[in-house]
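Derivation of every value follows stated rules applied to the coordinates shown; laboratory data play no part. Keep in mind that what you see is a predicted model, and the values were worked out from it rather than measured. Because the Cβ atoms are built from the backbone with ideal geometry, glycine has one as well, and the counts that use them run over all protein chains shown.
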Amino acid sequence: MDALITSVGFGLAAATQLALAVLLLLALRRVSRGAWLAIAAAVTAVWATAHAFAATGGVDGGPALVLVEFLRPLAWLVPLTLILQADAGGRSWRWPALMICTAVVFLLASVASGVLSPMALVIGLLLATLAGLVFIERIYRASDGAQRWSLKHLCVGLGLLFAFDFYYFSTALLFGAPAPGLELGRAAVAAVAAPLVAVSAARTRRWSLDIGVSRRLVTDSFVITAAGVYLLAMAGAGYYLRLVGGTWGPLLQSVFLAGAVALLLVGVFSSTLRARLRVLVSKHFFSYGYDYREEWLRFVNTLSDSHSSESLRVRALRALAQIVDSGGGLLFSGSDSGNQLLAATWNVAFPGTVTEPASSPLLALLREREWILDLEEIRRDPAQAPTFDLPEWLGKVPDAWLVVPLLERDRLRGFAVLAKPRAPRPLNWEDRDLLRTAGRQVASYLALADADEALMDARQFDAYQRLSAFVVHDLKNVSAQLSLITRNARRHRQNPEFVDDAFRTVESATARLDRVLQGLRKSESAIEEVTDVDVPGVLAATAEACADETPRPAVEAADQGLRVSCPPGRLQTILEHLVRNAQQATSAEGQVVLSAVDADKHCRIEIRDTGCGMSQEFIREQLFRPFVTSKGNAGMGIGVYEARQFVESLGGLLDVFSQPGEGTRFVLRLPRMQADAPEGVEPAEVQRAQS
């Protein structure tokens, strides 16, 4: 039975070494140190095959087995000599070479005597393995940081091989025969050394190799191996419980194994554990942290997944987050005025809307330097923070980690705020470069989406203009009818028939106007002159104009003397529209409240209701789009769009905060008029007096 296990062990070692040799030869472009590695792996495969047959009695331990036993260390010493001479920059390889020559002399002396002296063979093999250990020590010590990174797996793999052989032949020299069980250990060490040598070969391009190992394959193999070791350990522990548990032993074993299997399943399907494992594999087994082919295919597939129920902006945010294993984030998109508006969220609870002004220093940094802000690094080391204060809303984002700019040419299309990854990971140059490149790709997708939406809006405006032409035509006909009545009224007003005809004409005109009004709701106002507007007066006029509907609006607070520069009629029209919307969304028992306060050089006008509220998806994706309405045929869907355009044309901002069932707040921030400085008083003193 032991012979069979030993034979199987050497067979597995032969398979792994043969696979390594084939891989090295297939990837070989020219004769180099990689070729000698392939030859050494092939010789080791032959050695393992010979021992596998010898374990079952297929071959005897004659000269052929002794020859492959001697050739194996010598085959590995050739590439080690070349590496020490060139890659590691070392010149102290004469002593190991002397040991090799001495070992060869021992072998030739034993052969020349006609008798294969066991003592001479063991001494020769000891010298050969010792030379290999010396070579490995010199290579590791002579290599610098970058070379050591590529050579360390080779040193570990071959170091194990030579160290175990040295122990094996030392026991044979001291006790006349190796200890029982060490043969199987030699097979296991040979099998383990093969993948370690392959990793170093893949990392060392100067060996003229082009070996590609899939990260997914390595990760899955690691998971399967770790799961197997875990199950073996748990099986052993369960067997121990069965032995010492007495009558309760079988029950304890069953409960323990069930818990162990449950824990294994939780670990296997844990996204956090797999994220940590991917970081570990990328850091220690590959020259680059990403499998760029796999990453780019996943990135493009996520962006272009037209069958997904998510919007393009949510898919773009998810595609960016997946690159660094982030669990969520926010996406901001630019408007025509240059302001950045919250356009999408993914796995992050952030109620309401946020607007980052175009003049923000954060946007200037992202646009001019394409800088990726590592918020976690700034928290650890405040000296790494930019020279300006970060926006207040950024501190309210749960687990905010990175701020990634989205640039198309030199235009900032938006930026993404990514949450912390599932597994802690440092951000290096490779992560930053990949995120910048992916950000530019996302920006191009957003530019195409914005162009499509602009084209759709333009088509709807065109349809609106065509509809307006029909309306003008009807109005002209009505005007002609009424003009005819007014021209003939003085002459025929005493004629009863004329009066009857006039009434019928007016009824017809009224019916036609009613039909026009049913199809079109007029929402445009005449262009007015810009003047200084008293905001409390406009609020009072708005509340009075909308008092004919319930709930009646109330003015809660209005700082006296608060003034803005704008067309007064237009401002009141915008406020009336927002108040009407609030009344339509609120029951008669609810509240609609208006307020205006002075807030940091701005006039903050707020319209608050206790109505049904709106979802975040509706606010971000539909509320501010023209011709999108939730009122059916009762509205044109351009009122809120017109409100934002008007506010931004004045240099202000309009934000919305709402939750379904909790009401809505519209917040208008308009630049307020500065008070005139009294004679002999500087403006700065006036501002201090106001504050």
For this session: Give the calculated FRET efficiency between Lys396 and Leu12 to the nearest 0.05, with a Förster radius of 56 Å applied to their Cβ-Cβ distance.
Result: 0.45
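Neighbouring Cβ atoms within 10 Å as the yardstick, rank Lys396, Lys420 fewest first. Numbers along the way, then the final one.
Numbers: Lys396 11, Lys420 19.
Ascending number of Cβ neighbours within 10 Å: Lys396, Lys420.
Given 0.36 nm per residue, what is the gain on full extension from Asp462 to Thr56 after removing their alpha carbon distance, in nm? Each step should come with its number before you reach the end.
Working: separation 406, 0.36 × 406 = 146.16 nm, distance 8.90 nm.
Contour length minus Cα-Cα distance gives 137.3 nm.
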Problem set entry | Pairwise FRET efficiency - Ala480 versus Ser308, Cβ, R0 = 51 Å, nearest 0.05 | 0.40
For this session: Please order Leu668, Leu331, Leu623 by the number of other Cβ within 10 Å, starting at the fewest.
Result: Leu623, Leu668, Leu331
Problem set entry | Segment Cys612-Ser565, length gained on full extension (0.36 nm per residue, minus Cα span) | 13.6 nm
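Rounded to the nearest 0.05, what FRET efficiency do Gln494 and Asp514 give with R0 = 41 Å and r taken as the Cβ-Cβ distance? Could you check? Walk me through the numbers on the way to the answer.
Numbers: r = 31 Å, r/R0 = 0.75.
Rounded to the nearest 0.05, the efficiency is 0.85.
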Seminar exercise, completed: Scaled by the rule-of-thumb 2.2 N^0.38 Å, the alpha carbon Rg for the stretch 427-467 gives a ratio of 1.95
For this session: Give me the number: length gained by fully extending Ala547 to Asp501, i.e. 0.36 nm times residue separation minus the C-alpha to C-alpha distance, one decimal in nm.
Result: 12.7 nm
Exercise. Which value in nm describes the separation of the simple spin-label points at Leu71 and Ala262, placed 7 Å from the Cα toward the beta carbon?
Worked result: 5.7
Seminar exercise, completed: One would report the Cα pair-distance distribution of the stretch 531-671, bin width 5 Å, in %, as 2, 10, 20, 25, 22, 14, 6, 1, 0
Exercise. In nm, to one decimal, how far is the modelled label at Ala233 from the one at Thr247, with both set 7 Å along Cα→Cβ?
Worked result: 3.4
